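A.B. asks: I am attaching a structure below and will ask some questions about it afterwards.
Since every read-out is calculated from the coordinates, none of them should be taken as a lab result. Just so it is clear, the model here is predicted, and its values are computed rather than measured.
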Amino acid sequence: MKRIYLPLFVVLLYLATLLLFFSTYIRKDIREFEQLKLSYAIDYASDAAMLQLIQSRDLSMDYSDKDYLSANPQEALDTFVDVFLFNYGLTPSDLNRSHVKMNFIPTFTVAMFDGYYMATPRLVENAHPYPENGIHDGTWDLVFSPKMPYIYINGTSSYALNMGSDYTLKMSGNLLSKPKGFPPGISSKEQIHREISNIVSKDISYTINTFNENNPNWANTFYIPSSLTTFTGVNPIEGPSIIAIVQNVDFATSTPISAFSVAGSKIQSARMVGGYIRNGQKYYCYMDKLPGFITIEDLFETVHDAAMAGYAHDMMYMD
């Protein structure tokens with residue numbers, strides 16, 4: 001009988017090891033799947049928020065500066081949270097929205113032409129005066145800061161950068177000026193974009209650290225994603241962008257998971273189409289291709305609009 005027990009023990013030990021390995025593999029596989037799902041969820045949510053931002057009814061565009069754009073960052077945040085919930089099959093109720101904003105999002109940043117907004121968890125209501133009496137029955141929400149400029153310092157002067165790079169705002173002592181071109185120490189538009197990315201990522205890191213230090217009773221500990229350094233070095237901000245950090249998500253895993261997403265869009269000027277009459281025939285052509293002596297009868301945003309108005313493709317100037 002002893003000869004039978006030994007092989008049986010070896011077989012049982014092998015099966016136990018196999019089951020343990022298989023169980024570990026399954027848990028790891030589920031976690032990787034949920035990590036990928038979370039990445040897709042926040043990417044889709046970021047893209048939807050970006051789309052909502054640039055389709056806002058009031059973009060406050062400045063036609064004297066074709067790159068200028070300003071919009072309401074709250075619309076982007078609301079869209080992000082709702083689409084994120086939809087991705088997990090959850091109803092965008094006030095309770096679910098609050099849960100996502102208060103437990104999963106340490107910062108939500110909207111970078112615009114000449115500055116950025118950053119939303120962080122803040123105490124908006126408290127049963128007693130705060131901070132004299134501490135937090136009691138407090139209500140928290142994700143609240144945006146005022147627009148922060150992209151501050152670049154060179155010597156004794158401070159410069160407010162922008163994504164257009166054609167000019168800066170310079171503060172030297174008490175004197176504010178608007179010099180054209182690049183500030184000292186920067187020689188290209190790409191350098192300005194990298195500097196803007198660096199400014200935003202440093203502020204995100206500082207904000208997360210400060211929030212953790214100043215809120216010891218907060219239920220979560222947020223951390224600075226290492227991908228922030230990669231994003232600033234390889235993919236600088238070049239246009240209106242949304243930087244979303246989502247952490248501690250425990251919808252489908254036993255341990256919280258996290259992800260980081262950047263969505264951006266570049267605003268381009270419309271290529272206007274001119275409608276005119278040449279030799280008694282109505283033609284259309286892009287405005288930047290027309291010679292100066294052509295008299296324009298109508299302006300259109302697309303060649304389709306011009307064609308619908310009865311104008312024909314002008315092969316003389318279009319090709």
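A.B. asks: Any of Lys178/Lys289; Lys189/Lys289; Lys147/Lys170 with alpha carbons more than 25 Å apart? Name them for me.
C.D. replies: Lys178/Lys289; Lys189/Lys289
A.B. asks: Hey, another quick one. When N counts the residues of the stretch 75-206, how does its alpha-carbon radius of gyration compare numerically with 2.2 N^0.38 Å, as a ratio?
C.D. replies: Working: Rg = 19.3 Å, N = 132, 2.2 N^0.38 = 14.1 Å.
With N residues counted in the stretch 75-206, Rg over 2.2 N^0.38 Å equals 1.37.
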